[in-house]
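One structure is given here, and the rest of the page talks about it.
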Amino acid sequence: MPVAASAIYFLNLRGDVLINRLYRDDVGGNMVDAFRMHIMQTKELGTCPVRQIGGCSFFYMRISNVYIVIVVSSNANVACAFKFVVEAVALFKSYFGGAFDEDAIRNNFVLIYELLDEIMDFGYPQNLSPEILKLYITQEGVRSPFSSKPSDKPVPNATLQVTGAVGWRREGLVYKKNEVFLDIVESVNLLMSSKGSVLRCDVTGKILMKCFLSGMPDLKLGLNDKIGLEKESQLKSRPAKSGKTIELDDVTFHQCVNLTRFNSEKTVSFVPPDGEFELMKYRITEGVNLPFRVLPTIKELGRTRMEVNVKVKSVFGAKMFALGVVIKIPVPKQTAKTSFQVTSGRAKYNAAIDCLVWKIRKFPGQTEPTLSAEVELISTMTEKKSWTRPPIQMEFQVPMFTASGLRVRFLKVWEKSGYNTVEWVRYITKAGSYEIRC
Amino acid sequence: MTMHGMRGLSVFISDIRNCQNKEQERLRVDKELGNVRTRFKNEKGLTPYEKKKYVWKMLYIYMLGYDVDFGHMEAVSLISAPKYPEKQVGYIVTSCLLNENHDFLRLAINTVRNDIIGRNETFQCLALTMVGNIGGREFAESLAPDVQKLLLSSSCRPLVRKKAALCLLRLFRKNPDVVNVDGWVDRMAQLLDERDLGVLTSSMSLLVALVSNNHEAYWTCLPKCVKILERLARNQDVPQEYTYYGIPSPWLQVKTMRALQYFPTVEDPNTRRTLFEVLQRILMGTDVVKNVNKNNASHAVLFEALALVMHLDAEKEMMSQCVALLGKFIAVREPNIRYLGLENMTRMLMVTDVQEIIKRHQAQIITSLKDPDISIRRRALDLLYGMCDVTNAKDIVEELLQYLSSADFAMREELSLKAAILAEKFAPDLSWYVDVILQLIDKAGDFISDDIWFRVVQFVTNNDDLQLYAAAKAKEYLDKPAVHETMVKVSAYILGEYSHLLARRLGCSPKEIFSILHEKLPTVSTTTIPILLSAYAKILMHAQPPDQELQNQIWAIFNKYESCIDAEIQQRAVEYFALSRKGAALMDILAEMPKFPERQSSLIKKAEDGEVDTAEQSAIKLRAQQQMSNALVVTDQCPANGAPPAVSVGQLSLVKVPSMVSTEDHNSTDQSLSQENGTLSKVDSQPPSADLLGDLLGPLAIEGPPGATVQSERNAVSGLKGVLDAVDGSAIVPVEEHTNTVQPIGNIAERFHALCLKDSGVLYEDPYIQIGIKAEWRAHHGRLVLFLGNKNTAPLISVQAVILPPAHLKMELSLVPDTIPPRAQVQCPLEIVNLKPSRDVAVLDFSYKFGANMVNAKLRLPAVLNKFLQPIPVSAEEFFPQWRSLSGPPLKLQEVVRGVRPMPLPDMVNLLNSFRLMICPGLDPNPNNLVASTTFYSEHTRAMLCLIRIETDPADRTQLRMTLASGDPTLTFELKEFIKEQLVSIPTAPWAPVPAPPAPPVAQPTPQIPANDPAAVLAGLM
C-alpha cells in the first residue's frame, strides 16, 4: 500500500497552523515553516500543487480559506494523497454540516483529531466513508459501553460493518416513504480558438444519489450508454433504437456497485448506502453538445483604446434556460475607463481580476445577446510588453440539459418486502473550465 | 506629513491594514489601482488635491511591493505645483518611482533647476534631496554647477548648504567624469573654514570622496583638516547640539581622520606635530565607560585614530601606546570591546615594529582563546597566528595544541591547520616539527587533512637526520591503545621506510614492528590498508637476515588480500607478493623512497585559498613571508623545475592603504634577509640550489629562502611577461612598473610545452579567465580555436586579443568580443597558414579588465614547427637513395651536440616520436643510432621529406651527433635547431655569478626519475 502522508497540516491563509497531525517521525515538526517560507510567501503559490523543499515533498490544496498540506519524505503516491485530502474534506463536511473553513476547524478540534486518528494510520489511508465512521465516532464524544442502555438502535459492530458483504449499509433501516433521488451533474470543459474551432473539449459527469429506502433494496439503473444498449439489444435480439447512444470513458463506480454483474450483464446494479453518495463518475470526449458559442472580436486601436464585441449564442432548446451566466472578458492591466452596451444582463469592469464581467442571470435557449464595450487604457512606462490576450472564461448552469446527452432509461428498485418507491431524476450541466481564446 | 484631510488615503491604508492575508491585500490594491487609473484618465482633469491624494496612494502601493507602471507623468507634474504639499509629494514620489534612466526626468529638470536657484529654502531642500536620491547623469550635467554655487553661497542657510554638499557628493560619486571639480581645491579649502559643524560634516564627506579620487590636488586641505581635528579635540567652539555624550561631533572627527588617511604622508613638521598631539589626546582620552552609546562613539573615533596612526607610520612610542591601549581593551570584560581590541591588534600587525610590543600581551590573548564567545576566540586565534614568529612559535603552537583538546568542533579544523602551518613555518628544529604534527594528529585526527601528514612524510623523507627520530616517535604513538587512523597512516609509512634504523633498539625488531602495525589492520579503512601493505613489504625487505616466520606471516596477508574487492589493495597485494619472492632482488626494487622534489607547501596554499582577503589577513601573510624558519626552508631543495615556493606578494595590493605597499615590500625583504643572516649558522650541510634568481640580489644571492621570496615577488610584479622571459632562458626579468594583481594559475610555460605536444588543453588560467585551445593541423594549414571562459559571475570587459605572428605564419583571428558575459565561454577561431620553416613562435597579446584590474598576458601560441610535420615511415630502399642525393651543406647538415639531457635511448625515441619525427628502426645497423623521417608542410616548400640520423654515444649520454637532410636549406637548419633545443637540457636558470666565495652555490639537479624506475612507480603508488 502506498504511503500517502507523513504529516498533515491545516493552515489558514496567513500560514498559521490550525491543526496538525504527524503520522511518521521522518519529517520534522518545523517543516511547515519551510512551507510557509518557500511556498506561501512566494508568487509560486497556487502554480504547482506539489513542491519539494529540502528533501520533503509538499502536496497542498486550498479548500475555501484553509490550506491542507501533506508532507512526506518518502516517494509517496501523490494521487493517493490528494484523493485522501478530497475524501477527508468530504468527511469533515458531512460531520460539520456542510461547511469546511477556518472557523469550522476551530470549532471542532477534538473531533478532527479523533477523525484524523481514524482515517490514517502510520501514513496509510484507512476507511474514509462517513456512513461507517459516523457509527462509532460521534459528535458527542466517546460513549462508554457500560453507561449506555441497550437502546433502540442496535450497537453497531464496526468489524462486521467493515468486513461484511455489504459494508456500506446497515441492516434494519425503515422509512415511511421510500424515495430515491438521482442527479446527473456534468461539467463541460472547453478550449476554443478565436476562429471558433474546438481545441479541447470534454465532459466530466457524475451521478449523485440520495436514498431513503427501507431494508436491503437492490437497485438497477439503465442509461442510454453504448455498452448497456448493445447488451440489451443482444439479449432481446432486436436492433438498437435509433436514438443516440453515448460512449462513456473512464467509468468509475461506487464500491456498492456489483462489478461482476456489470462485467457479465452490463447492468449497473447495486445495494445503495443510506443517504447521499456518488454512484459513478465518467468522462465523455466525443459528441459533446456545447451549450454556448462565443464569438469575440477584440480590436486594439492604438496604445490607449480597445474595442470589445462579444456575442454569446445559446444552442440548447428554446424551452430551457441557463442560470448564473458570467462571462469574463480579460482586458489589459492598465485599463482605465470602460463603457458598455449590452442587450441583456449587466456588465462592469473588475480591476481586481482585470476582466470585464458580464452577468446574465437568466439566459433562455436559442438567443444571442451581445456586449460591446470601449476600453480606454492608461499609458505606462513599460511599453514593450504586449498584452498576452488571455482567454475569455464563462460560468453557467443549465438545468435539465446534459452536454453528453446522457439520459436515465430506467431505475428499478427491488426489495423483498416489495414496497413502492418514488424515483426522482434531475439533470444539470455546469461550466468547468469553459474558455474561448480571443 | 500632510495627511490631514486626505480621507480617501487613510481609508485605503486602513483597508490594507485590515486585510487578513496577502490575497485580500492584492485584490484591494488592484481595485485601487483600477480606481486610480480611471481617475487619471478622466477627461475633466483632477484637482491638485485629488492628484496629490492619488499619487500618495500610488506611492503607498509601490512601497507595499506592487508594480506601479503608470502615473509617473502625474507625479512629475506635481513638482511644478506652487504649494508645498503638492510639491513635496511630487518630489518624494519621483525620487522613489523613477530611476536615473527614465525619460520623464528630463521633463522635470527645468522645474528642479528653478527650485534650486529659487529663493524658497524648503523648495531648495526638496529639490536637492531628490537630485541626490536619483543622481542621474543628466541631472549631474545640468544641475551640478547650480548645486556647487549653492554650496558656496554665503546667503544660504546652513541647512541648504548641508544638503547641497551631500547632493554634490552623490552626483560626484555617480558620475565623477561629469561633475567638474577643476578649481575645487580652493573652494574646498574655503569650505573647510566653515564654522557651522553641520555644513562642515557634509563638506568633509565630499572631501573624502574628492581626495580618494585625487589626493595630490587637495594637499592644501590637509592643514585645514588637522585644524578642524584640533578644534574638535580641544572642544573649542563646538555647539551643544553637536556634542554627543560629551564627545564633540564624533562623526566629523571620524570623517576628518578618514580624509587624512588618503594623503600619503604629512610633510609639514608643524602640522604633523599638531596632528600627533591630537591623536595622542584621542588615544589618551579614550577609556571604557559604562554607557554603551558613549563607548560606541568614542571607540569609533579611537579606531579611526588608530588607523590613522598606522597609516602615518608614527613613531614607535606612539605605536606602543596604541598597543598598550588595545592591551587594555582586550582585558575588558565587555566582549564587544575585547573583540575590537583583538581585531585591531591583528590590524596593527601590519606595522611590523609593534610585533614585539604585542608579544607582551601574549598571555592575555591566549586567555581570550578560552573566551565563551566564539567570535572572540576566532579573533584571538587569528591574532596568535599572525603574531607568531620564530621566537614565540614554540609557545604559541604548544598553546594551540593544548587548546585543541578543549576547542569546539567548529574551530578545530582551522585550528589544527593553523598550528600545522605555524609549526612548519617557524620550526626551530625539525624534530620539534615532527613532534608537533604527531601530537596534532593524535589530538585532532579527524580534523587533520591529508596535506598535513603528507607534509610530515615529505620532511622526514628529505631529511636523513630526522628519520630515526621520526621512526622512534611513530612507534611510540602506535604503542598507545587508541590510535587515530591518520596516525596509523603516518606511522605505517614512516615505520615501513625507516624502522630498520631502529632495529637495534629493544622491542624494535622487524617482527615486533610488524606485529604492532598489524594489530591496527582490522581497525582501518580501505584507504589505509594499501599503506600498511607497503609497510609490510618494506619491513620484509629490511628483515636481515630473512626471518622465515615473518615472511610466512606477511605472505599470508598478501595472499589474503589478493582477492580483495578494492583494486588498489588487490594490486598491491599481488605485486608485493610477486616481488617478495624475488629474494635479494627485492632490495633494489623496494629501495628507500627517493627524496621529494620541493614544492610549495600545500598547507600554506590551502590557508591562502581558504582565507578571505581582508586587509589584516593579507598583512599576516606578508609577515608570514618575511619570517620563514630556516630550519625547514634551507633543507628544501629547489628542483630544476621548481615552482617558486612560498606565496606571492601580489596579494599585497589588497592591503587597505595602497601607498604603503612599495615601502613595506622593501622593508620586508630587508628584514627577512637580516633575520636569515642572523640564523645562518644553523644551516646544515646542504647548500641552497642555484635555481633561484638570486643573482638579481647580488651579494645576497647565497641565501636560499630570501632569494625565493624575491623571485616570487618579481614574478608577481612583472607578471606574466616575466615568467615567459624566464622560460625563454634569460633570467633578467624586466621589472615593469605596473603591478599585475592577477596571478596566473599554473605555470604558463609548462602549459605551453604541454600544448606543443598535444592539440588541446589549457593555455592560460587565472582566477577570472581560462583560455583553452583546440587545434587541428592539416598539411600547412592549421585551425586553432581559442576558448575564452569567464569563470566569474561578473562580466569581463575590455577583452582584447591581438596576435603577433612571426614572419613565417599567416594568422587570422576572428573577432574577439569586447565583453565576456558571466560564466560564459567564447570561441575564437584562428586560421593559420605556414609559409616557410621557422622556429619563431606566435604570441597572443591578451588583455581584459575585471573590476578595476587590468590584466594583460602575453602568451605563446603552440603553433610551432613540429605541428606542420607529418610522420612518414620510409623503407631502406627509399631512404638510402634520398640520403645520398642530399649531400653536404646546406641541404645536409651535421652537428655534434653536447650538453644533451641524458636519457635512455627508448626515452629519446618517445621524445622524437612525440614531435612527429617517425623513428624507423632497423635502418641503421648500430643499435645506438636512430634514424627518423618526417614530412614538413609549408606554403613555400610544399611537402618536403626530412631525414634525420642521430648517433648517440653509450658511454657519454650527454653528447650525440645529429645529421639532417631535406630538400630545403632553411628547413634543414631550422629543424636541426629545433631538435637540438628539445634535446639539450636548457637550464631553467643560469648560473649565478657569485661575488663572495664562502659558499659557492652547487647545482643540485633533481635526479631525473625515469618512468620505468620501480622506485618511482612505488612513489607513485603512495
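For residue B:952, the conditions (1) within 29 Å of residue B:777 (Cβ to Cβ); (2) over 46 Å from the mean Cα position of the chain (by Cα); (3) hydroxyl-bearing (Ser, Thr, Tyr) all hold with the exception of (1).
Kindly provide the set of residues from region B:881-898 that are polar (S, T, N, Q) and either within 36 Å of the chain's Cα centre (by Cα) or part of a strand (DSSP E or B) (or both), ordered by number.
Applying the first criterion (polar (S, T, N, Q)) to region B:881-898 yields B:882, B:885, B:887, B:894.
If the condition is that a residue be polar (S, T, N, Q) and either within 36 Å of the chain's Cα centre (by Cα) or part of a strand (DSSP E or B) (or both), then B:894 is the only one that fits.
The requirement of being surrounded by 20 or more Cβ atoms within 10 Å (Cβ to Cβ), within 14 Å of chain B (Cβ to nearest Cβ) and modelled with pLDDT under 95 is fulfilled somewhere in region A:313-331, by at least one residue.
Selection of first residues in region B:490-514 that are part of a helix (DSSP H, G or I) and of second residues that are among the acidic types (Asp, Glu), restricted to Cβ pairs under 9 Å at least 6 apart or on distinct chains, gives the following pairs, ordered by first then second residue: B:497/B:592; B:498/B:592; B:510/B:547; B:511/B:547; B:511/B:549. Reported count of residues in region A:2-28, each being on the phi < 0 side of the Ramachandran plot and in a loop (DSSP other than H, G, I, E, B), is 14. Of all residues in region A:373-411, exactly one satisfies the criterion of being more than 14 Å from chain B (Cβ to nearest Cβ), outside any strand (DSSP E or B) and of a type in the set (Phe, Trp, Tyr), namely A:401. Residues of region B:4-40 that are over 56 Å from the mean Cα position of the chain (by Cα) and at pLDDT below 85: B:4, B:5, B:6. Looking only at residues of region B:92-148 that are of a type in the set (Ser, Thr, Tyr) and more than 14 Å from chain A (Cβ to nearest Cβ), we find that the one that is farthest from residue B:61 (Cα to Cα) is B:142. Of the residues A:60, A:67, the single one that is closer than 15 Å to residue A:82 by Cα and either within 14 Å of chain B (Cβ to nearest Cβ) or outside any strand (DSSP E or B) (or both) is A:67. In the set (1) within 10 Å of chain A (Cβ to nearest Cβ); (2) out of contact with any Ser or Thr (no Cβ under 9 Å at 6 or more places or on another chain), the condition left unmet by residue B:10 is number (1). One residue stands out among those in region A:348-372 that are in a strand (DSSP E or B) and more than 28 Å from the chain's Cα centre (by Cα): the one that is farthest from the other protein chains (Cβ to nearest Cβ), which is A:370.
Only one residue in B:426, B:459 is touching a helix residue (DSSP H, G or I) at 6+ places or on another chain (Cβ under 7 Å), over 21 Å from residue B:402 (Cα atoms) and outside the structural domain of residue B:553 (by TED's automatic domain parsing). Which one?
Details: B:426 fails: over 21 Å from residue B:402 (Cα atoms).
Unique residue meeting the criteria: B:459.
Annotation note: Cβ proximity below 7 Å between a residue of region B:743-765 that is over 20 Å from residue B:789 (Cα atoms) and a residue that is exposed (fewer than 14 other Cβ atoms within 10 Å of the Cβ) (sequence gap 6+ or interchain) occurs for B:757/B:914. Got at least one residue in region B:70-91 being under 30 Å from residue B:167 (Cα atoms), in contact (Cβ under 8 Å) with a residue 40 or more places away in the chain and within 14 Å of another protein chain (Cβ to nearest Cβ)? Checking region B:70-91: not a single residue is under 30 Å from residue B:167 (Cα atoms), in contact (Cβ under 8 Å) with a residue 40 or more places away in the chain and within 14 Å of another protein chain (Cβ to nearest Cβ).
Output yes when any residue across region B:242-256 is over 41 Å from the mean Cα position of the chain (by Cα) and assigned to a helix (DSSP H, G or I), and no when none is. Yes, that holds for at least one residue. Among the candidates A:362, A:337, the residue that is charged (D, E, K, R), in contact with a strand residue (DSSP E or B) (Cβ under 6 Å, 6 or more places away or on another chain), more than 14 Å from residue A:294 (Cβ to Cβ) and loosely packed, with under 15 Cβ neighbours inside 10 Å is uniquely A:362.
Would you mention how many residues in region B:16-52 are in a helix (DSSP H, G or I) and either more than 11 Å from every other protein chain (Cβ to nearest Cβ) or exposed (fewer than 13 other Cβ atoms within 10 Å of the Cβ) (or both)? Qualifying residue count for the region: 8. Mind listing whichever residues of region B:206-226 are of a type in the set (D, E, K, R) and within 25 Å of residue B:163 (Cβ to Cβ)? Scanning region B:206-226 gives a single hit, B:224.
The values are calculated or read from the model by the stated rules, or taken from the named source; none is laboratory data. Computed from a prediction, not measured in an experiment: that's the story for all the values here. Every residue, glycine as well, gets a Cβ built from its backbone with ideal geometry; the counts of neighbours run over all protein chains shown.
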